[in-house]
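The values are calculated or read from the model by the stated rules, or taken from the named source; none is laboratory data. Model, not experiment: these values are computed from the prediction. Positions of Cβ are backbone-derived with ideal geometry, glycine not excepted, and every protein chain shown enters the neighbour counts. All accessible areas refer to the heavy atoms of the entire protein, side chains included, with ligands and DNA or RNA removed. Shrake-Rupley method; radii C 1.70, N 1.55, O 1.52, S 1.80 Å.
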Amino acid sequence: MTNTDWTTTTPIPAAFFKGVLEVEQTGHGVLPHRLPARARLQANDPQLLMAEAQPSGVRLAFRTGASALELDTLRFRSTYSGVPPRPDGVVELVVNGQVLGSSVTSGGNAVTIDMATGVATQVVGPACTSRFVDLPEGIKDIELWLPHNEKTELLALRTNASVEPTPPAGLPRWLHHGSSISQGSNATRPTTIWPAVAGRLGGADLTNLGFGGSALLDQFTARAIRDTPAELVSLKIGINLVNLDLMRLRAFGPAVHGFLDTIRDGHPTTPLLVVSPIHCPIHEETPGPGAFDPEALAAGELRFRATGDPSERAAGKLTLGVIRDELNRIVCQRSLDDTNLYYLDGRELYGEQDAIELPLPDALHPDAATHQLMGERFARLAFAAGTPLSTDEYRPNV
């Protein structure tokens, strides 16, 4: 195949994106965002700005008769000296709902931060081309799932046949918010993060607002959820509040109420599922803040530990146990008037026995097998007939 065989689509049209809230035009291409500009202006936090620009759950979706395609991307990575780097990102090819290929990213721009001095060293690298050939014959629906763990600028999409936006599939739009676990930390591929697994099995069209380190009951996040069309909404709340030791119990309850009030301003009757934290031994009864385990770092491994004192719960410090009790209480109280509000104990997705059989490798985030397990369980507990976010009414009659 020669270059003259390509039909080039550039810039990539916003209509091709699924799972984004906004597409930014850059000097070279387009950058998908999972928070709108108004929210980003209020989020004066490098961690959140990094996480929302990592396109977890975001995919390019189009219909074409092409037999080959290329996607040029430029990735942005952040690492810490002395901390093992995250694996390279992956672009996955999905054709007519089936994963048919993947391409590992490379090059791009990287910043390494020295945790002792705070000095940041930047390396500028080339763009990456993900190439997929020998695609199935005929007209087909293609999704290119973007890396869930790398900020990714899309530069060009090339195909050897014309492309057009994929027609709506008729699936319910599912808007999910959570932490790095929802974003996909420790998953190996973008289609295998637990919300992607759940959406595929449950028949829901995912928009993933899982932000690593940043599920903090921010009002700008609540407003983004409020203003985004959705038939189903779920919120996974808790672990980041403990990790950062962000607030006390007195502030937590009103903050949850305010978050829910804001969402209900835009989704007054939408089924809304509040999910408490999964089982995490280091924070079950021990408050944060969380920190890197220095002994593990000295051995070249990444693990987390809790640095709080269990006795501090009496002063209102949050643990996962405290948060579960309070979330359950709040949902029970509100559901007397809000019949479309539901609660799911996160330990039904990953519980104490699971922690024995599938321990969290870094003491905080699930591994690939656990992401699969959590996705399967969420699909059964939340999307099946008779469950809070049932997609049964959207399924075609066969």
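Residues in the stretch 69-86 that are of a type outside the set (S, T, N, Q) and exposed (fewer than 14 other Cβ atoms within 10 Å of the Cβ): PRO84, PRO85. For the stretch 77-96, give me each residue that is at pLDDT 95 or above and not polar (S, T, N, Q). Selection gives GLY89, VAL90, VAL91, GLU92, LEU93, VAL94, VAL95.
Look at (1) open to solvent by 30 Å² or more (accessible area, probe 1.4 Å); (2) at pLDDT 95 or above; (3) out of contact with any Asp or Glu (no Cβ under 9 Å at 6 or more places or on another chain); (4) closer than 23 Å to GLY184 by Cβ and you find that GLU52 fails only one, number (1). Per the listing LEU373, LEU302, LEU336, LEU318, the residue uniquely out of contact with any Ser or Thr (no Cβ under 6 Å at 6 or more places or on another chain), within 15 Å of TRP194 (Cβ to Cβ) and either at pLDDT 95 or above or open to solvent by 40 Å² or more (accessible area, probe 1.4 Å) (or both) is LEU373. If you check GLN25, GLN42 for being out of contact with any Asp or Glu (no Cβ under 7 Å at 6 or more places or on another chain), over 26 Å from SER106 (Cβ atoms) and open to solvent by 40 Å² or more (accessible area, probe 1.4 Å), only one passes: GLN42.
Of the residues making up the stretch 124-143, those that are under 20 Å from THR73 (Cα atoms) and assigned to a strand (DSSP E or B) number 7. Mind listing just one residue for me: the one in the stretch 150-203 that is more than 26 Å from PHE132 (Cα to Cα) and in a strand (DSSP E or B) and, of those, most open to solvent (accessible area, probe 1.4 Å)? Among those residues, the one meeting the criterion is ARG173.
Here is a yes/no grid of residues against (1) touching a helix residue (DSSP H, G or I) at 6+ places or on another chain (Cβ under 8 Å); (2) over 17 Å from SER179 (Cβ atoms); (3) touching a residue at least 12 places away in the same chain (Cβ under 8 Å):
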residue: THR8; (1), (2), (3): no, yes, yes
residue: PRO11; (1), (2), (3): no, yes, yes
residue: GLU22; (1), (2), (3): yes, yes, yes
residue: GLY29; (1), (2), (3): no, yes, yes
residue: LEU35; (1), (2), (3): yes, no, yes
residue: ALA43; (1), (2), (3): yes, no, yes
residue: GLY57; (1), (2), (3): yes, no, yes
residue: PHE62; (1), (2), (3): yes, yes, yes
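Summed over the stretch 265-299, residues that are among the polar types (S, T, N, Q) and surrounded by fewer than 16 Cβ atoms within 10 Å (Cβ to Cβ) total 1. The residues of the stretch 224-271 that are farther than 22 Å from ASP345 by Cα, part of a helix (DSSP H, G or I) and more than 17 Å from the chain's Cα centre (by Cα), listed by number, are ARG226, THR262, ASP265, GLY266. Collect the residues in the stretch 335-381 that are free of Cβ contacts under 8 Å to residues at least 12 places away in the same chain, of a type in the set (A, V, I, L, M, F, W, C) and part of a loop (DSSP other than H, G, I, E, B), keeping them in residue-number order. Hit for the stretch 335-381 is LEU336, nothing else.
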